[in-house]
Protein chains: 2
Amino acid sequence: MAEELHIDTGLDKADFTIIGAGNGGTAMAGYLAMRGYVVNLWNRSAKPIHDIETCGGIFLEGEIRGAAIPNKVTTDIGDAVAGASVIMVTVPAFGHETVARLMAPHLSDGQIVVLNPGRTGGALAFRATLWREGCTSSVTVAEANTFVYASRTVGAARSHVFGIKKTVSVAALPATRTIDVVRALRPAFPQFVPVENVMVTSLDNMGAVFHPVPALLNAARIDASVPFEHYTDGITPRVASVLEALDAERVSIAGALDVPVRSALDWLRETYGIRADNLYDAIQANKAYHGISAPTSLNCRYITEDVPYSLVPMLSLAQVAGVKTPAIRAAVNLASALTGEDYIAEGRNAASMGITGMAGSELTEHVVQEVWQG
Amino acid sequence: MAEELHIDTGLDKADFTIIGAGNGGTAMAGYLAMRGYVVNLWNRSAKPIHDIETCGGIFLEGEIRGAAIPNKVTTDIGDAVAGASVIMVTVPAFGHETVARLMAPHLSDGQIVVLNPGRTGGALAFRATLWREGCTSSVTVAEANTFVYASRTVGAARSHVFGIKKTVSVAALPATRTIDVVRALRPAFPQFVPVENVMVTSLDNMGAVFHPVPALLNAARIDASVPFEHYTDGITPRVASVLEALDAERVSIAGALDVPVRSALDWLRETYGIRADNLYDAIQANKAYHGISAPTSLNCRYITEDVPYSLVPMLSLAQVAGVKTPAIRAAVNLASALTGEDYIAEGRNAASMGITGMAGSELTEHVVQEVWQG
């Protein structure tokens with residue numbers, strides 16, 4: 001369409017389409033283009049697309065340095081996804097359903113969609129939306145457990161990459177297709193490692209543990225924009241004990257669904273090489289957490305993304321698994337009362353994930369075989 | 001007994017026995033003795049009793065000034081309650097069950113026990129404990145909705161009375177005896193006004209609204225002993241919206257049990273003459289709240305008393321009333337996770353109050369007629 005903004009080098013095939021030109025997507029598109037891949041980049045709002053057009057490309061600094069011109073940069077999602085082998089969705093979880101709806105009419109057989117990350121139940125919900133929207137193409141939906149970079153947009157068309165993750169877990173829905181997804185990703189991103197199924201990526205969700213509860217237990221000073229550090233100031237010994245309670249519930253859900261996930265403490269030990277006997281000591285010992293400011297408003301992703309798209313789906317999975325989750329439920333209800341949003345109704349619940357009424361064994365069969373189709 | 005500490009003027013009859021020589025009890029005993037009533041004062045630990053013995057009486061300052069010698073000052077509860085017309089219990093709610101157990105063998109027909117205050121379900125729980133302990137004397141148990149003074153112990157045998165409440169609601173269990181309780185209290189305390197039944201005093205509990213939730217939503221800085229004011233700093237617009245959600249649940253429980261209670265906003269308007277359209281504005285406009293420091297530890301009565309003895313019994317009453325209480329439950333569960341205490345199991349639950357399995361109509365009949373006896 002004439003009114004769509006775009007860079008277009010004319011190639012109809014793409015190795016990757018990046019959905020979302022935010023902190024993560026811009027860095028990912030820039031990196032892939034620098035590596036010589038044919039990359040399309042889509043964003044819903046025109047501003048970042050226009051910036052890249054105006055600046056003539058994407059500019060990266062920090063751990064990845066350089067400049068590159070994507071194949072297409074556009075606000076037309078049909079144009080963006082047409083002919084792409086792998087579609088990397090990098091928008092926040094609250095954008096997944098919208099992106100799935102917009103993308104549904106344009107997907108074709110054999111395409112792979114990867115949510116970076118899916119938070120909890122992302123692939124299930126994305127898949128369910130595609131079905132609801134009448135998409136019958138044979139598309140593989142997968143989810144990562146985290147974003148491969150720590151990066152921030154620092155100017156027009158310019159991203160700073162602060163860090164690159166060593167490993168990112170990925171699983172496809174159904175799990176039988178995970179190997180195809182890993183094969184498609186590995187040449188560009190050797191960090192991606194396959195895990196059992198999307199229950200692992202969905203429950204190995206550390207943001208769910210580290211983000212909402214400290215925000216809630218510091219809600220007054222966040223609401224008043226009092227500056228403090230999220231981890232070092234915001235997580236005291238007692239706050240950490242709530243994190244441990246919530247984390248134990250997360251691990252119990254996974255156990256009941258027969259998938260292996262690490263405790264948050266073990267994750268900190270393994271990821272950062274920290275020696276500590278409890279979560280509080282481990283968090284305080286983690287230098288990567290020093291200097292991370294707390295949000296200055298309760299309208300922040302620690303609440304608006306992590307509660308409805310990590311904790312709410314965990315409640316639904318807990319129900320399927322038959323696990324009690326008083327700490328997770330308390331966090332969801334308190335966040336709802338704080339913000340006036342009914343997160344259980346509006347978030348990623350059993351209905352959004354298409355798992356209403358499933359027993360644990362049915363859910364396992366579903367994520368491994370995708371027996372359910374609509 | 002020879003080892004008991006006591007002042008004893010030798011009178012076997014007393015107008016009042018005060019249970020608890022803390023901030024409130026010492027002031028109450030001093031006031032009554034100054035007014036010429038025969039007053040016994042009991043405390044479980046010997047220190048305040050010893051202080052009064054050593055100093056030769058109780059000394060009051062502030063809104064009530066003077067000195068007086070009680071009839072008996074003792075750690076022997078049998079000696080303290082024998083022959084007393086009215087027994088005023090002034091210990092925190094977490095002491096009610098212990099006091100009831102200690103007192104049970106010594107009570108006699110016609111005595112009145114008043115909990116100052118009962119928090120939620122105090123009279124029900126005290127009554128249930130007396131029955132469990134085999135007390136068959138015809139005793140009337142009543143509860144006030146608040147303590148008549150704002151007072152603090154400021155030295156050995158010395159209390160400062162900062163303020164005197166204009167009205168204190170009181171109800172007896174059964175409600176048919178409330179009028180006798182008011183008649184017994186009024187000569188000394190004209191502030192006491194009768195209300196329908198103990199569901200009113202139990203649910204007209206403003207501490208339940210104003211204390212635990214702000215403490216929870218400021219838990220990190222309380223745990224870190226960061227100084228701030230409980231009301232003015234600790235209650236932001238979003239925190240106030242959680243208070244409103246919890247308060248609406250409290251009012252709904254009362255409505256379902258067919259007893260009238262005011263909203264917290266109306267209570268602030270009526271008690272302090274504040275004009276405001278919402279709870280946040282009303283709290284900030286209340287000069288009586290300015291300068292009140294937040295707790296400096298989570299081991300504080302805003303948590304350890306108000307959660308198990310106000311919010312937990314409200315959950316049980318909500319169940320009887322068939323009212324959903326997500327905000328109250330969230331606060332209880334979060335407080336439990338923060339402190340490691342299982343407040344629902346250990347607090348004043350349906351079993352403690354002796355109302356397990358009751359329907360709303362049965363509870364109403366019970367508080368009005370006391371049909372249940374053990």
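The values are calculated or read from the model by the stated rules, or taken from the named source; none is laboratory data. Since we're looking at a predicted model, the values are computed, not measured. Heads up, the Cβs are rebuilt from the backbone with ideal geometry, glycines too, and the neighbour counts pull from every protein chain shown.
What about A:ALA175, is it closer than 26 Å to A:THR26 by Cα, under 19 Å from the mean Cα position of the chain (by Cα), assigned by TED's automatic domain parsing to the domain that holds A:MET103 and crowded, with 18+ Cβ neighbours inside 10 Å? It would help to see each step written out before you state the result.
Details: closer than 26 Å to A:THR26 by Cα: no; under 19 Å from the mean Cα position of the chain (by Cα): yes; assigned by TED's automatic domain parsing to the domain that holds A:MET103: yes; crowded, with 18+ Cβ neighbours inside 10 Å: yes.
So A:ALA175 fails the test.
Residues of segment B:317-336 include at least one that is at pLDDT 95 or above, touching a Gly at 6+ places or on another chain (Cβ under 6 Å) and more than 13 Å from every other protein chain (Cβ to nearest Cβ). Across segment A:320-331, not a single residue is classified as exposed (fewer than 14 other Cβ atoms within 10 Å of the Cβ), in a helix (DSSP H, G or I) and in contact (Cβ under 8 Å) with a residue 24 or more places away in the chain. Taken over segment B:337-374, the criterion of being within 14 Å of another protein chain (Cβ to nearest Cβ) and either more than 27 Å from B:CYS135 (Cα to Cα) or not small (Gly, Ala, Ser) (or both) is satisfied by B:ALA337, B:LEU338, B:THR339, B:GLY340, B:GLU341, B:ASP342, B:TYR343, B:ILE344. Please work out which one of (1) modelled with pLDDT of 95 or more; (2) among the β-branched types (Val, Ile, Thr); (3) not in a helix (DSSP H, G or I) is the condition B:ILE274 fails and give its number. Answer for B:ILE274: the failing condition is (1). Checking each residue in segment B:234-253 for being among the hydrophobic types (A, V, I, L, M, F, W, C) and either surrounded by fewer than 22 Cβ atoms within 10 Å (Cβ to Cβ) or touching a residue at least 60 places away in the same chain (Cβ under 8 Å) (or both) picks out B:VAL242, B:ALA245, B:LEU246, B:ALA248, B:VAL251, B:ILE253. In segment B:250-268 there is at least one residue that is within 14 Å of another protein chain (Cβ to nearest Cβ), under 25 Å from B:GLU346 (Cα atoms), modelled with pLDDT of 95 or more and part of a helix (DSSP H, G or I). Taken over segment B:196-232, the criterion of being of a type in the set (Asp, Glu) and facing chain A (nearest Cβ under 7 Å) is satisfied by B:ASP223 alone.
Only one entry in A:ILE344, A:ILE303 is outside the structural domain of A:ARG119 (by TED's automatic domain parsing), modelled with pLDDT of 95 or more and crowded, with 24+ Cβ neighbours inside 10 Å, namely A:ILE303.
Across segment A:107-125, the number of residues qualifying as over 11 Å from A:ALA172 (Cα atoms) and aliphatic (A, V, I, L, M) comes to 2.
Taken together, B:ALA123, B:ALA144, B:ALA80 contain a single residue that is without any contact (Cβ under 8 Å) to a residue 60 or more places away in the chain, buried (at least 24 other Cβ atoms within 10 Å of the Cβ) and not polar (S, T, N, Q), which is B:ALA144.
Please go through segment B:322-366 and give me each residue that is within 17 Å of B:GLU249 (Cα to Cα) and charged (D, E, K, R), ordered by number.
The first filter runs over segment B:322-366 and keeps only residues within 17 Å of B:GLU249 (Cα to Cα), leaving B:322-333, B:360.
Residues satisfying the conditions are B:LYS324, B:ARG329.
For every residue, the table says whether it meets (1) in contact with a Phe, Trp or Tyr (Cβ under 9 Å, 6 or more places away or on another chain); (2) farther than 30 Å from B:ARG65 by Cα.
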| site | (1), (2) |
| --- | --- |
| B:PHE162 | yes, no |
| B:VAL168 | yes, no |
| B:ARG186 | yes, no |
| B:LEU203 | no, yes |
| B:ALA215 | yes, yes |
| B:PHE228 | no, yes |
| B:THR236 | yes, yes |
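Just wondering, is there one or more residues in segment A:336-345 that are of a type in the set (Phe, Trp, Tyr), in a helix (DSSP H, G or I), in contact (Cβ under 8 Å) with a residue 40 or more places away in the chain and over 30 Å from A:THR136 (Cβ atoms)? Within segment A:336-345 (the criterion being of a type in the set (Phe, Trp, Tyr), in a helix (DSSP H, G or I), in contact (Cβ under 8 Å) with a residue 40 or more places away in the chain and over 30 Å from A:THR136 (Cβ atoms)), the answer is no, since none of the residues qualifies. Screening A:TYR149 on (1) modelled with pLDDT of 95 or more; (2) touching a Lys or Arg at 6+ places or on another chain (Cβ under 8 Å); (3) buried (at least 20 other Cβ atoms within 10 Å of the Cβ) shows it passes everything except condition (1). Of everything in segment A:128-141, what is in contact (Cβ under 8 Å) with a residue 24 or more places away in the chain, among the hydroxyl-bearing types (Ser, Thr, Tyr) and not in a helix (DSSP H, G or I)? Give them in sequence order. A:SER137, A:SER138, A:THR140 - these are the residues of segment A:128-141 that are in contact (Cβ under 8 Å) with a residue 24 or more places away in the chain, among the hydroxyl-bearing types (Ser, Thr, Tyr) and not in a helix (DSSP H, G or I).
Could you please find all residues in segment A:236-249 being within 7 Å of another protein chain (Cβ to nearest Cβ) and among the aliphatic types (A, V, I, L, M)?
Residues of segment A:236-249 that are within 7 Å of another protein chain (Cβ to nearest Cβ), as a first pass: A:236-239, A:241-242, A:245.
Result: A:VAL239, A:VAL242, A:ALA245.
All but one of (1) hydroxyl-bearing (Ser, Thr, Tyr); (2) surrounded by 15 or more Cβ atoms within 10 Å (Cβ to Cβ); (3) within 14 Å of chain B (Cβ to nearest Cβ) hold for A:SER297, so report the exception by its number. Exception for A:SER297: condition (2).
Total residues in segment B:300-316 satisfying the condition of being touching a helix residue (DSSP H, G or I) at 6+ places or on another chain (Cβ under 7 Å) and more than 14 Å from every other protein chain (Cβ to nearest Cβ): the figure is 8.
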